[in-house]
Amino acid sequence: MKYPDSLDKLIKGFSKYPGIGPKTAERLAFYTITKMDKEEALDLSDALKDAVNNIKECKICGLITDNDICSICASNDRTNELMIVESSRDVIAFEAIGSFKGKYHVLGGVISPLNGVGPDDLNIPKLLKRIKEENIKDVIIALSANIPSETTALYLKSILEAMDVNVYRIGYGLPVGANIEYLDEITLSKALEGKKKM
């Protein structure tokens, strides 16, 4: 039996999420239409539309925000230390521990030739511009402990060395192969405390 077109479309929509296979997408779609009341389902739909229409990248750092400039870049209370991260989720993870008082710069990925991602695909030009314009002297590279992230860290170190900045790399407490966004607060705190100059 073929599903109604609207249900089939919903299943296909859920299956676009990473890690969601056909069966899970089917379960999510059926739950949405049979277990959620209509108001809950419409609220979910409205929240999705609102996020898609209003979330954008901060013009300065690349963090997701619903304004042109994120609250971190707009703050006057931040130190002039800059932490380079892969994604907005990494910023949220570091902000949750509350021990870093500087600014962030979101690369939007890491160098991965196998996936067709090179330095030109990352938010590096804005990074270099910020370092000059904001007179930043200390940069912390806070990328996950895996091969693409290490490649990216070494690339960044090579271009930052010519800019008269101190380049640090977090490392203590980060298990090899782990993603920053999944680490607990204590591990992240220790990693930040154990930053080292590259």
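Every number in this text was worked out from the coordinates using simple rules, so none of it is lab data. The model shown is predicted, which means the values in this text are computed figures rather than measured ones. Positions of Cβ are generated from backbone atoms using ideal geometry, with glycine treated the same way; all protein chains shown enter the neighbour counts.
Some points to look at:
- The spread of Cα positions in segment 51-116, taken along each principal axis and listed from longest to shortest, comes to 40, 28, 19 Å.
- Among Met163, Met83, the ranking by other beta carbons within 10 Å of each residue's beta carbon, starting with the fewest, stands as Met163, Met83.
- Gyration tensor over the Cα atoms of segment 5-54: the corresponding equivalent ellipsoid has semi-axes (square roots of 5 times the eigenvalues, largest first) of 18, 15, 9 Å.
- Sites Leu42 and Lys16 - FRET efficiency at Förster radius 30 Å, r taken between beta-carbons, to 0.05: 0.90
- Cα pair distances of segment 89-169 binned at 5 Å [whole percent]: 3, 13, 25, 26, 21, 10, 3, 0
- The DSSP beta bridges internal to the chain are antiparallel in roughly 30% of cases.
- Backbone phi angles across segment 178-184, fed through the Karplus curve with coefficients 6.51, -1.76 and 1.60 (θ = phi - 60°), yield HN-Hα couplings of 7, 9, 4, 4, 9, 7, 7 Hz in residue order; Gly and Pro are listed as x.
- Which listed pairs, of Lys9/Lys56; Lys16/Lys103; Lys12/Lys59; Lys12/Lys49, have C-alpha distances above 24 Å, in listed order: Lys9/Lys56; Lys16/Lys103; Lys12/Lys59
- Cβ charges +1 (Lys, Arg) and -1 (Asp, Glu), total dipole of segment 5-54, debye: 320 debye
- Taken about its Cα centre, the chain carries a charge dipole of about 440 debye when Lys and Arg each add +1 at the Cβ and Asp and Glu each add -1 at the Cβ.
- Over the chain: helical MRE at 222 nm, DSSP H runs n ≥ 4 each giving -39500 (n - 2.57), nearest 500: -13500 deg cm²/dmol
- This structure gives Cα extents along the principal axes in Å, computed directly, and of (i) 43, 43, 32; (ii) 66, 35, 34; (iii) 77, 44, 30 that value is listed as (ii).
- Note: relative contact order over the chain, using C-alpha pairs below 8 Å and six or more positions apart, is 15 percent.
- Ordering Arg27, Arg169, Arg130 from the fewest to the most neighbouring beta carbons within 10 Å gives Arg27, Arg130, Arg169.
- C-alpha long axis of helix 5-14 to longest principal axis of the chain, angle in °: 20 degrees
- Helix axis angle, 22-34 relative to the chain longest principal axis, alpha carbon, degrees: 60 degrees
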